[in-house]
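Have a look at the structure below before the remarks.
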Amino acid sequence: MTKFFPWLLILAGIMAIGLIQRGETGAQSVAFSSTPEPLNVAPTPTAAEPRPSNPIPTRAPKPVRIVIPAIGVDAPVVEVGLKIIQTEKGPQAQWETADYAAGHHSTSANPGEKGNIVISGHNNIKGKVFQRLWQLKPGDKIFLYNAEGKAFAYEVKEVILVQEKGVSEEQRRANARYMDPTPDETLTLITCWPPRGNSHRVIVIAKPVIMPALGRNVSD
């Protein structure tokens with residue numbers, strides 16, 4: 001028994017070393033497997049810049065000249081805006097009127113656009129551009145020229161005379177509705193009346209027409 005004791009000790013030592021090595025290997029294996037694998041995730045595509053659903057359309061050129069052969073009008077057209085005036089009922093907005101020219105209301109449509117093209121002019125002062133506007137009749141032609149030199153033809157449909165002075169505020173508002181926007185292309189000309197007074201308003205309503213020499217003048 002004494003002879004075998006050293007060999008037992010040697011054998012026990014070898015077994016112990018083997019267990020230690022296996023334990024270290026297992027620890028290393030566990031430690032390695034605990035490291036997360038990298039994920040193969042496809043890059044998220046960059047979202048495209050959203051486009052406006054209703055882009056603002058490009059405005060047509062403004063009118064610069066008006067010709068009405070039936071009453072001998074051939075005048076420049078300039079832009080006019082609103083001004084504030086003092087009245088007995090307080091401050092009120094009023095459209096300016098161009099001197100020695102017809103005035104295109106700046107917020108109204110342009111020739112060739114859908115909407116109301118509103119142009120006003122003096123009756124008996126500073127050029128008297130629209131002095132004879134009341135003499136127009138249904139069927140008469142009106143021509144507008146824009147800044148690019150393109151001509152647009154319109155045919156008179158109505159000539160309306162309304163009282164402006166000495167009427168109720170309700171009636172004045174009703175008169176002003178002729179300047180409101182319209183769903184289709186319309187030309188509205190406005191001036192005062194009679195030739196030696198300003199108690200009334202003459203309102204001419206015209207619609208676009210096709211003239212052989214001009215071609216189509218209404219955008220589809």
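The values are calculated or read from the model by the stated rules, or taken from the named source; none is laboratory data. Predicted model only: the values in this text are computed from it and were never measured. All Cβ positions, glycine included, derive from the backbone under ideal geometry; neighbour counts span all protein chains shown.
Listing for the model above:
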quantity: Every residue from segment 130-142 that is in contact (Cβ under 8 Å) with a residue 60 or more places away in the chain and touching an Asp or Glu at 6+ places or on another chain (Cβ under 9 Å); calculated: 140, 141, 142
quantity: Subset of segment 175-210 (residues that are hydroxyl-bearing (Ser, Thr, Tyr) and farther than 18 Å from residue 80 by Cβ); calculated: 182, 186, 199
quantity: Residue in segment 63-80 that is surrounded by the most Cβ atoms within 10 Å (Cβ to Cβ), counting only those that are charged (D, E, K, R) and closer than 12 Å to residue 143 by Cβ; calculated: 65
quantity: Any hit, segment 157-175, residues being in contact with a Phe, Trp or Tyr (Cβ under 6 Å, 6 or more places away or on another chain), of a type outside the set (Val, Ile, Thr) and closer than 19 Å to residue 111 by Cβ; calculated: no
quantity: Pairs, first farther than 21 Å from residue 134 by Cα in segment 161-175, second among the aromatic types (Phe, Trp, Tyr) and assigned to a helix (DSSP H, G or I), C-beta under 6 Å, six or more apart; calculated: none
quantity: Failed item in (1) under 22 Å from residue 65 (Cβ atoms); (2) surrounded by 15 or more Cβ atoms within 10 Å (Cβ to Cβ); (3) without any contact (Cβ under 8 Å) to a residue 40 or more places away in the chain, with residue 149 passing the rest; calculated: (2)
quantity: Residue count, segment 177-210 (criterion: within 16 Å of residue 95 (Cβ to Cβ) and surrounded by fewer than 15 Cβ atoms within 10 Å (Cβ to Cβ)); calculated: 3
quantity: Every pair of residues 6+ apart whose Cβ atoms lie under 9 Å, when the first sits in segment 49-71 and is over 15 Å from residue 130 (Cβ atoms) while the second is modelled with pLDDT of 60 or more and loosely packed, with under 10 Cβ neighbours inside 10 Å; calculated: 61/148; 64/149
quantity: Residue in segment 156-164 that is closer than 15 Å to residue 71 by Cα and at pLDDT 95 or above present; calculated: yes
quantity: Conditions (1) out of contact with any Leu (no Cβ under 7 Å at 6 or more places or on another chain); (2) modelled with pLDDT under 95; number of the one not met by residue 118; calculated: (2)
